[in-house]
Each structure stands twice: as structure tokens, then as C-alpha cells.
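Quick notes on the structure that follows.
Here, each number is a calculation from the coordinates, and none is a lab measurement. Everything numeric here is computed off the predicted structure, so don't read it as measured data. Counting neighbours? That spans all protein chains shown, and the Cβs are built from the backbone with ideal geometry, glycine included.
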Amino acid sequence: MDARVTAALRDAGVPFHENEPFSRHTSMGVGGPAAVMAFPRSPQELRQALRVRRELEAPHRVLGGGSNLVVVDEGLDELVINTQDLSHVHVGGDGVVTAEGGANLIRTVVRCSRAGWSGLQSAAGIPGSVGGAAVMNAGAYGFSISDVLKEIVVYDEGGEAAQPPEGWRFHYRGSSIPEGSAVASVSVALTPGEPEKLGEEIRELQMQRVKSQPAGRNAGCVFKNPAGDHAGRIIDELGLKGTRRGGASVSAKHANFVMNDAGAKASDVLEILDLVRERVRREAGVELELEVKVWGARA
């Protein structure tokens, strides 16, 4: 990594670490180091970090909560902009809630329900950041973040506010927000609700997740559900639960989860993903699409 990057970040007042392991910043707990990882603490510092990238033409990635990410063992010789410290949340009296991109989604949902605002409960068990959830259009139980989205502030790779004339488009577990852009904030429009009833609904949804999904180090569902079916069902019917490669295994509780349950390397996880996709393609005739993101060296 160009030494001018760290010098420019220092001059801009943006905190950073060199050779920062991704394993500390992903729910899967795997991945080698980022050459430089910046930690902007405000939207202004986020713009500054992106402007440094633009001025020095440094390769970069933007990291949210790391809950659906696998980074290769070799790490990345890039500037990684980590939004974890962009965590401010404002709950308005009109039901409009604005959260910075790095705010924890689950804590934001709980805070809204306690304030008597309904509409986000189904996201109560989704890990990661608000910004990452918006980019991925995360959801559960028929709900997606885009259902309640009012406004999203996105900075492009050069730190400039960006929005296409037609607005951002959202689809199943994805959006038109390009890789390399950064979500500064997300605003959602919620409706009034009874805090006690909302809290009870959240607890019930969390219990459902506990019963059906494994705890421990994982990246959530690793494959998108194919049309009209469930990836976990297909994988389970092929007898792949418990399949192990090194320190990683297909969950015995939910077949669409891969677990880091024995000190896995990223290569172990990626080997399992390839194995499962190939078996499903060959034996079930279904092409599974990754939901988890995989970061490796650029071609």
C-alpha cells in the first residue's frame, strides 16, 4: 500500500490501523489483514477517507458490520474503510428514524420498539450494520429494509453524494448501490405501536431464530433461496449437513449455514461453499447463488 495513503489519512484526522486482521471484524472470524483500515467517526470523516482514496487512486473496499462476509486468508493490499464508528441514531417524534451507516441493526430495531415505533421488528435478528442491511436489502419473514426506507445518503468512491435520477433500486437481497460506495445514513418511516407489544413480538421472532438457526461464528445464510424453494432444504436433502473441511462445517442445525467451529481458515469456508454448490448443481440441477460476499484479490 502506498505510504502516502496513511500520511493523507493522518493529515485528514481519520483514525486508521495498518495490517488490521479482517478476522476481528467479520462474524465468520476469518480473513487476513487489510493493508490499511480506516475508522471514520462521522459522515465528514467518511467523505475525507473516500477523498483520500480518490486523490491517490488507492484500491479500496467499504466494510460494514462484516456479518455476511468472507475475506481470503491472504488479506487485501487495499485501503478498507470500516464504518463501525458511524453509529449515531436519531429517533424522531414523527416516526422517522435516521441511523448512520455503521449503526448496529439489531440495537436500532430494539431502540425503535422501545420508543413505540413499529415496522422494523422482523429485522430484530439480523446481524450487521444498518448501512450494510440497506445495500443488501436485508430482511426476514417476508420483510425487507426497502419496505420502510424513506431516504438513504450514499457517497460515491470519491466522497461525493450520489443518487441516480431514478433513485436507488432494490431487489431480493440486493440493490443498485455500487460496490465501493459508502452509506452515510439511512432514514426509515415507521408507524406508532405499543412498546410492550412490539417488545413481545421481537422476543418471539428472536426465539424462532434461536430454534432454527445456529449460534456461533458464521456469516448467516450463505446462499440465496432459489425461486420457489429454500437453499437449506436442498442442501439438507443431499445429506450435506455436518460436512467438514478443516475448521469449517455445514451446520447440523440449518444446512444453509457454514460454521467456523474449529479455528477455520477462509480457505476451509470457501472449499465448503464450492463443494456444496457443485453437489447441488450436479445432483439437484439447481445453481445456487451466493448470499455471502467473498473478498479476494482483484483480477
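Which value, in debye to the nearest 20, describes the size of the charge dipole of the chain about its Cα centre when Lys and Arg Cβ atoms bear +1, Asp and Glu Cβ atoms bear -1, and nothing else is charged? It would help to have the intermediate numbers written out before the result.
Details: 33 positive and 38 negative charges, 127 e Å.
It comes to approximately 600 debye.
Work out from phi, with θ = phi - 60° and the Karplus expression 6.51 cos²θ - 1.76 cosθ + 1.60, the ³J(HN,Hα) of each residue of the range 7-24, listed in order in whole Hz, and give x for Gly and Pro.
5, 5, 4, 4, 5, 7, x, 9, x, 7, 10, 9, 6, 8, x, 5, 4, 7
Using amide H atoms built in the peptide plane, which far-off residues or other-chain residues are under 5 Å from D73 H to H?
Hits under the 5 Å cutoff: G32, A266, S267.
Using the crude model of +1 on Lys and Arg Cβ and -1 on Asp and Glu Cβ, and no other charge, please compute the dipole size for the range 183-240 relative to its Cα centre, in debye to 20.
Numbers: 7 positive and 8 negative charges, 54 e Å.
Taking the Cα centre of the range 183-240 as origin, the dipole is about 260 debye.
Once the dipole of the range 1-116 is set up with Lys and Arg at +1 and Asp and Glu at -1 on Cβ about the Cα centre, which of L46, L56, I81 lies farthest towards its positive end?
Farthest along the dipole direction, towards plus: L46.
Among M28, M37, M207, whose mean-square fluctuation peaks in a Gaussian network model of the chain (Cα, cutoff 10 Å)?
M207
Quickly estimate the mean residue ellipticity at 222 nm for the chain, helices only: each DSSP H run with n ≥ 4 gives -39500 (n - 2.57), and the total goes over all residues, rounded to 500.
Details: 7 runs with 85 residues, N = 299.
Theoretical 222 nm ellipticity from helices: -9000 deg cm²/dmol.
Say each of A215 and R282 gets a label point 7 Å from the Cα, pointing the same way as Cα to Cβ; how far apart are those two points in nm?
With each label point 7 Å from Cα toward Cβ, the separation is 3.7 nm.
Give the cross-link partners of K265 among the lysines, using a straight C-alpha distance below 17 Å as the criterion and excluding same-chain residues fewer than 8 apart.
K293
In whole Hz, with x marking every Gly and Pro, tabulate ³J(HN,Hα) for the range 112-119 from phi via Karplus 6.51 cos²θ - 1.76 cosθ + 1.60, θ = phi - 60°.
Karplus values, whole Hz, x for Gly and Pro: 4, 5, 5, 7, x, 10, 10, x.
Set the Förster distance to 25 Å, then compute FRET efficiency between V96 and E179 from the Cβ-Cβ distance, nearest 0.05.
Here the calculated transfer efficiency is 0.35.
Once you have the Kirkwood Rh of the chain from its Cα pairs, apply Stokes-Einstein at 4 °C and 1.567 mPa s and quote D in µm²/s. Walk me through the numbers before you get to the answer.
Details: Rh = 20.0 Å.
Rounded to a whole number, D works out at 65 µm²/s.
Which value, in debye to the nearest 20, describes the size of the charge dipole of the range 147-269 about its Cα centre when Lys and Arg Cβ atoms bear +1, Asp and Glu Cβ atoms bear -1, and nothing else is charged?
Working: 15 positive and 17 negative charges, 156 e Å.
My answer is approximately 740 debye.
In the range 140-269, if the dipole is taken from +1 on Lys/Arg beta carbons and -1 on Asp/Glu beta carbons about the Cα centre, which of G247, L149, F223 is farthest to the positive end?
Sorting the options by dipole projection puts first G247.
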